[in-house]
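The block underneath contains the structure these notes are about, expressed in structure tokens.
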Amino acid sequence: MKLVKPIILTALASALVSCDNFEYHPYSVHIDGETAVNVKYTSILENSGLTPPFKFAFITDTQGALNDMSDALDIIRQRGDIDFIIHGGDQTDFGLPKEFMWCRDMLEDCGLPYVAVIGNHDCLGNGNDTFDYMYGPQNFSFNVGPVHFVCLNTVALEYDYSHPVPDFEFIQGDIEHIAMLNHNNPATITHTIVVMHSRPYDEQFNNNVARPFNHYITQYPGLGSDDGRIVDESDGILNGSMARGFCINGHNHADDIADIYGNGVLYYQCANMAKRTFFVFTVTDDGYDYEKVVY
Amino acid sequence: MDMTMRKWCIKSVAVVVLSISASLPAVAENTLPDSISTVVRDAEIERYQQKIQKYEERLAARELRWKRLIPNLFTLQYAGGIGMFSIGPGWDYGRSQQWETHLLVGIVPHRYDYPTYWTLTLRDSYVPWRIRCNDQWSIRPLSVSLSVNSILHSEFWTSEPERYPDGYYGFSSRIRFHLGFGQRVTFTIPEHKRILGKEISLYYEISTCDLYVRQKILSSKVPLKDIIILGVGLIYTI
């Protein structure tokens, strides 16, 4: 009988601690489910043996439009031809851990590998730390066959110059790594796709380094001045946009394709989820194709 | 000058001084009859006493006002979206003490990459009914509370920092509003066993916060159970 009281109390205490609804604060909840998502899925993609032609979907700026995102993911799953998904940031409105979990769980349920970059809304409150815990490093890169994906944090306004955004140390190291791969084994990497939330000359971007940013990313294979371009068939001369490299971004809640620097590097900007639009890119050996899906 | 001459001089001076002092008017004496003077003095005393009384009344009223600020409730809460543990004083008022105001300090311990946070909560509760089971036990079947919580850390702001264009986000990451519903069981301590307090109440509260409600309205895919926050606590009534 002497043991009954402690047992009941222990059971009660453990129930209080383990039940997720006993929340300490909306900005500090127990995060269950998948963590270090980007680390996990980049590793899966790199080891999947996937080579061009492959397709990936680019969705961005969920910001609470989970119903619309769910519909988009249903379409992606039903098509059956898409190999993986990239989320362009702003999964959340307020950077709440629960918002991150709602978005992540929906992507998990889709069953395809996915990665995500950080958006400005994702940084609010302690969202920056939540992103790190749930997705891993904010700057990362991975290769799918000969295609190099560089995923960058570009929401400089959120950090008020206290962090290097974009992080040129990371980009420089990544460029050197790719150059070394290609030096050891020519044409290991032929394409580069740069993924970011806000693009140069947005209010979020550190526009003091908009030109240096272009200088850096044009050192990647597929984005350099001597890389292949889409040939204008009418006069047969080499001009137009880069054939094996491009950038994708979200943030501005509108579709737009722009050659920001006039050097043939195209920025594909996708609208937010609430506008019920997403992009599908098909990457082939000698180029790529893009498709806008409106549902 | 001889001796007689000197004596005469001193004498004459003394006479002048004495005669001047004698010619000064006599000190005024109360010429009123005794009975009238008593009446006047009584009226004066009464006025004086009234003044003192009013002063004392004002003092008492002032003391009463300050006494109302002495908290008679003490709360300890676990979870509930305002901290792992929150503690603080409270006040009850109204005809049957159905209104309560609580001021709570909470702590949210370090977790993942988050630092330890301190929070402040101002809570107003409405507890309209009390059902007495016996002398000692009673149930308060409903409590409705509105809380304003502030998370005290520099990464959260009340109004947007200057670096943003005007109205960029349009919300405060620091201030959260919680609406909660709960129930209480109250134990009344028998008078001869009281040390400091007279009642201990155990309560639970089901609440949600402003941002969760907004996201749920925005999207039906948000699971209902995810926007529900539970908390339990004790209230010690003095």
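Computed from the coordinates by the stated procedures, all read-outs in this text should not be read as laboratory data. This one's a predicted model, so the numbers in the text were calculated from it and none came from an experiment. Don't worry about glycine lacking a Cβ; one is built from the backbone with ideal geometry, like all the others, and counts go over all protein chains shown.
Just name the residue that is surrounded by the most Cβ atoms within 10 Å (Cβ to Cβ) out of those in the range A:165-204 that are over 22 Å from the mean Cα position of the chain (by Cα) and aliphatic (A, V, I, L, M). Steps first, answer last, please.
To start, the set of residues in the range A:165-204 that are over 22 Å from the mean Cα position of the chain (by Cα) comprises A:179-188.
Now restrict to residues that are aliphatic (A, V, I, L, M): A:179-181, A:187.
On the way: A:ALA179: 14, A:MET180: 11, A:LEU181: 17, A:ALA187: 9.
If we take residues in the range A:165-204 being over 22 Å from the mean Cα position of the chain (by Cα) and aliphatic (A, V, I, L, M), then A:LEU181 is surrounded by the most Cβ atoms within 10 Å (Cβ to Cβ).
Select from the range B:72-108 the residues that are free of Cβ contacts under 8 Å to residues at least 60 places away in the same chain and under 14 Å from the mean Cα position of the chain (by Cα) and write down the one among them that is surrounded by the most Cβ atoms within 10 Å (Cβ to Cβ).
B:HIS102
Which of the residues spanning the range A:254-274 are touching a residue at least 40 places away in the same chain (Cβ under 8 Å) and over 21 Å from A:PHE56 (Cβ atoms)?
A:ILE260, A:TYR261, A:ASN263, A:ALA274
Can you work out which of the residues in the range B:109-162 that are more than 9 Å from every other protein chain (Cβ to nearest Cβ) and touching a residue at least 60 places away in the same chain (Cβ under 8 Å) is farthest from A:HIS30 (Cα to Cα)?
If we take residues in the range B:109-162 being more than 9 Å from every other protein chain (Cβ to nearest Cβ) and touching a residue at least 60 places away in the same chain (Cβ under 8 Å), then B:ARG140 is farthest from A:HIS30 (Cα to Cα).
Can you confirm whether the range A:154-164 contains a residue that is in contact (Cβ under 8 Å) with a residue 60 or more places away in the chain, surrounded by 24 or more Cβ atoms within 10 Å (Cβ to Cβ) and within 13 Å of chain B (Cβ to nearest Cβ)?
Yes, the conditions are met somewhere in the range A:154-164.
Being in contact with a Lys or Arg (Cβ under 8 Å, 6 or more places away or on another chain) and either closer than 30 Å to B:SER154 by Cα or not β-branched (Val, Ile, Thr) (or both) narrows it down to one residue among A:ASP61, A:ASP32, A:ASP71, A:ASP90; which is it? Show your work before the answer.
Numbers: A:ASP61 fails: in contact with a Lys or Arg (Cβ under 8 Å, 6 or more places away or on another chain); A:ASP32 fails: in contact with a Lys or Arg (Cβ under 8 Å, 6 or more places away or on another chain); A:ASP90 fails: in contact with a Lys or Arg (Cβ under 8 Å, 6 or more places away or on another chain).
Just one listed residue meets the conditions, A:ASP71.
Only one of B:ILE206, B:ILE235 is touching a strand residue (DSSP E or B) at 6+ places or on another chain (Cβ under 6 Å), surrounded by 15 or more Cβ atoms within 10 Å (Cβ to Cβ) and facing another protein chain (nearest Cβ under 9 Å). Can you tell me which?
Numbers: B:ILE235 fails: facing another protein chain (nearest Cβ under 9 Å).
The match here is B:ILE206.
I'd like the full set of residues that are assigned to a loop (DSSP other than H, G, I, E, B) and out of contact with any helix residue (DSSP H, G or I) (no Cβ under 6 Å at 6 or more places or on another chain), limited to the range A:167-198. Outline the logic, then answer.
Narrowing the range A:167-198 to residues assigned to a loop (DSSP other than H, G, I, E, B): A:167, A:185-190, A:196-198.
Within the range A:167-198, A:ASP167, A:ASN185, A:PRO186, A:ALA187, A:THR190, A:MET196, A:HIS197, A:SER198 qualify.
Out of the residues in the range B:215-231 that are over 15 Å from A:ASN21 (Cα atoms) and buried (at least 16 other Cβ atoms within 10 Å of the Cβ), state the one that is farthest from the other protein chains (Cβ to nearest Cβ).
Just the residues of the range B:215-231 that are over 15 Å from A:ASN21 (Cα atoms), to begin with: B:215-221.
Add one more test, that the residue is buried (at least 16 other Cβ atoms within 10 Å of the Cβ), and what stays is B:215-216, B:218-219, B:221.
On the way: B:GLN215: 5, B:LYS216: 10, B:LEU218: 4, B:SER219: 4, B:LYS221: 4 Å.
Taking the candidates together, the pick is B:LYS216.
It is to be established whether one or more residues within the range A:62-78 are within 14 Å of chain B (Cβ to nearest Cβ), among the small types (Gly, Ala, Ser) and not in a loop (DSSP other than H, G, I, E, B). Lay out the reasoning, then the answer.
Our first condition is that a residue be within 14 Å of chain B (Cβ to nearest Cβ); within the range A:62-78, this holds for A:62-74.
Retained after the next criterion (residues that are among the small types (Gly, Ala, Ser)): A:64-65, A:70, A:72.
Imposing the further condition that a residue be not in a loop (DSSP other than H, G, I, E, B) reduces the set to A:70, A:72.
Yes, because at least one residue in the range A:62-78 is within 14 Å of chain B (Cβ to nearest Cβ), among the small types (Gly, Ala, Ser) and not in a loop (DSSP other than H, G, I, E, B).
Which of the residues belonging to the range B:170-197 are loosely packed, with under 14 Cβ neighbours inside 10 Å, away from every other protein chain (no Cβ under 14 Å) and not hydrophobic (A, V, I, L, M, F, W, C)?
B:PRO190, B:GLU191, B:HIS192, B:LYS193, B:ARG194
Does B:LEU76 meet the test of being part of a strand (DSSP E or B), aliphatic (A, V, I, L, M) and away from chain A (no Cβ under 14 Å)?
Details: part of a strand (DSSP E or B): yes; aliphatic (A, V, I, L, M): yes; away from chain A (no Cβ under 14 Å): no.
The answer is no for B:LEU76.
Right, A:ASP90: under 22 Å from A:PHE278 (Cα atoms) and part of a loop (DSSP other than H, G, I, E, B) or not? Spell out how you get there, then give the answer.
Details: under 22 Å from A:PHE278 (Cα atoms): yes; part of a loop (DSSP other than H, G, I, E, B): yes.
Taking the combined requirement at face value, the residue satisfies it.
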